[in-house]
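Shown next, in structure tokens, is the structure this report addresses.
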Amino acid sequence: MSIVLTPYLKQWVESRVASGRYNDVSEVMREAVRLLEQHELEREARLRDLSIAIQEGLSSPAKPWEGAEAIIRQSRLERGVGE
């Protein structure tokens, strides 16, 4: 496998090796791919959780929000609109 990096990314990867934190370019790339994989897995889990929460909300009975009328009244008063 070969990859092509932008000049900026190439320089950045090489600077990681030069810092001594990584032994070679391959090690930097493996770490980058591992982090990307972890990021994607976490994103998928968040989306799954969000989808479950949405479905739970949609399938539960609606409840009136008692504060809504007060907010609407206050907004109308501030705008000078009668009820």
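The values are calculated or read from the model by the stated rules, or taken from the named source; none is laboratory data. Keep in mind that this is a model prediction, so the values were computed, not measured. Glycine also receives a Cβ, built like all others from the backbone with ideal geometry; neighbour counts cover every protein chain displayed.
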For this session: Among the residues of the range 63-78, write down those that are in a helix (DSSP H, G or I) and either at pLDDT 85 or above or not small (Gly, Ala, Ser) (or both).
Result: Glu69, Ile71, Ile72, Arg73, Gln74, Ser75, Arg76, Leu77, Glu78
For this session: Out of the residues in the range 27-61 that are of a type in the set (Gly, Ala, Ser) and loosely packed, with under 10 Cβ neighbours inside 10 Å, state the one that is nearest to the chain's Cα centre (by Cα).
Result: Gly57
Seminar exercise, completed: Of the listed residues (Val28, Val81), the one being of a type in the set (Val, Ile, Thr) and over 30 Å from Leu5 (Cβ atoms) is Val81
